[in-house]
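Read the structure below first, then the notes.
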Amino acid sequence: MEKVSAREKRKYIQEAANCAANQVYPLSIAEGFQEGDIFRSQSGCLLFWHYSGFAYLSGKGVHESWQQTQPSICGMDQAFLEEIYRNFFIRPLERRFLLITEDDALVDFYRDLGGLEMKRRVEFRFENLPKERGTLDWPFSMERISEENFDKIHGRIIPSFSWDSRESFLEKGFGFVIRNGEEIAALAFSAAVSSTEVDIGLETDPCYRRRGFASKAALRMCQEILDLGKKPVWAAAETNAGSMRTAESAGFLPERINTVIRRAL
């Protein structure tokens with residue numbers, strides 16, 4: 001397994017676009033929007049590991065001669081998959097590692113190796129913005145994430161979840177907060193950015209939940225993404241009913257189920 005150098009990442013844009021489970025996170029690395037690593041096997045298989053911890057595999061470009069002579073899982077180099085297991089699932093890492101795939105055979109392969117847990121993840125497709133979007137009542141207001149309000153943001157799914165620095169986010173990302181005076185009630189932001197898509201991250205302060213703020217922030221994000229000529233992207237754990245309701249209120253519909261493979265806690 002070879003780690004691709006920073007200056008060579010753009011060579012793998014097409015392979016990033018071929019990641020079946022998701023494209024925006026792999027492309028954000030290859031296109032240079034966000035931090036992350038790319039690892040390459042001798043056979044041509046690739047692993048894209050985003051700063052957020054999300055990881056994706058691409059087997060496109062695997063040498064045909066290799067496919068005819070070596071064991072494979074879903075067209076992927078089995079030796080490479082085993083190396084991923086040893087290096088990323090078993091060994092302690094500086095950041096989390098969650099492999100996301102739509103291939104059931106790959107899920108079964110890693111399940112048989114042991115020590116891992118599998119969670120289902122719903123991937124949505126964007127249909128259209130609802131006609132009725134509602135308004136914010138005083139004293140609440142919505143504003144773009146900026147240097148002035150960045151440090152007031154708190155929670156788990158916030159820009160630091162997927163961006164390596166405030167500077168990187170403010171330069172290449174964007175988002176919106178809903179404020180109640182000096183308090184941030186909710187926010188939506190670009191969790192992943194590529195040249196064609198933006199994945200939406202969302203957080204609501206526990207004190208302000210069940211008041212529709214998440215939907216309003218998500219709708220504002222969708223409008224901004226569409227205005228940029230890109231496609232909004234949304235995914236949520238199958239158990240996260242709140243996120244799935246918000247997605248549908250913002251114009252998304254469930255499209256497929258992927259599996260998140262991670263080290264057992």
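Can you grab the distance from the C-alpha centre of the stretch 147-187 to the C-alpha centre of the stretch 1-57, Å, no decimals? When both Cα centres are located, 26 Å separates them. The simple spin-label model puts a point 7 Å past each Cα toward its Cβ; for Leu226 and Lys172 those points are separated by 2.7 nm.
Our summary gives the chain a relative contact order of 22 percent, counting only alpha carbon pairs under 8 angstrom and 6 or more residues apart. What the phi angles of the stretch 35-41 give under the Karplus curve with 6.51, -1.76 and 1.60, with θ = phi - 60°, is a coupling list of 6, x, 10, 10, 10, 10, 8 Hz, glycine and proline written as x.
Going from the residue with the fewest nearby Cβ atoms within 10 Å to the one with the most, Asp137, Asp77 rank Asp137, Asp77. Please figure out what share of the DSSP beta bridges in the chain is antiparallel and state it in percent, rounded to the nearest 5. So the antiparallel bridges amount to about 90 percent of the total. For the stretch 27-34, the Karplus equation 6.51 cos²θ - 1.76 cosθ + 1.60, evaluated at θ = phi - 60°, returns couplings of 5, 4, 6, 5, 7, x, 6, 9 Hz by residue, with Gly and Pro reported as x. Ordering Thr259, Thr239 by the number of other Cβ atoms within 10 Å of each residue's own Cβ, fewest first, gives Thr239, Thr259.
Take the chain, connect every pair of alpha-carbon atoms lying under 10 Å apart with a spring to form a Gaussian network, then pick out the residue of Gly181, Gly115, Gly155 with the largest mean-square fluctuation. Its mean-square fluctuation being the largest, the pick is Gly181.
Over the chain, the reciprocal of the mean inverse Cα-Cα separation, the Kirkwood hydrodynamic radius, stands at 19.4 Å.
Taking N as the residue count of the stretch 126-255, its C-alpha radius of gyration divided by 2.2 N^0.38 Å amounts to 0.98.
Largest mean-square fluctuation among Glu127, Glu82, Glu94, in a Gaussian network model of the chain whose springs join Cα atoms under 10 Å apart, belongs to Glu94. Pairs exceeding 20 Å between alpha-carbon atoms, taken from Lys11/Lys119; Lys172/Lys216; Lys172/Lys231; Lys152/Lys230: Lys11/Lys119; Lys172/Lys216; Lys152/Lys230.
Between the amide H of Glu197 and those of Lys231, distances stay under 5 Å, these residues lying 5 or more places away or on another chain, with hydrogens modeled in the peptide plane. Using the rule -39500 (n - 2.57) for each DSSP H run of four or more residues, divided by the residues of the chain, the 222 nm mean residue ellipticity is -6500 deg cm²/dmol. Residues within the reach of a label modelled at Arg125 (point 7 angstrom out along Cα to beta-carbon, backbone nitrogen below 20 Å), restricted to the stretch 238-260, are 238, 244-259. Among Ser168, Ser162, Ser215, the order by Cβ neighbours within 10 angstrom, fewest to most, reads Ser168, Ser215, Ser162.
All of the numbers you see were taken from the coordinates with simple rules; none came from a lab. Remember, it's a predicted structure, so these values are computed and weren't measured experimentally. Methodologically, a virtual Cβ is constructed for each residue, glycine included, from the backbone with ideal geometry; neighbour enumeration extends over all protein chains shown.
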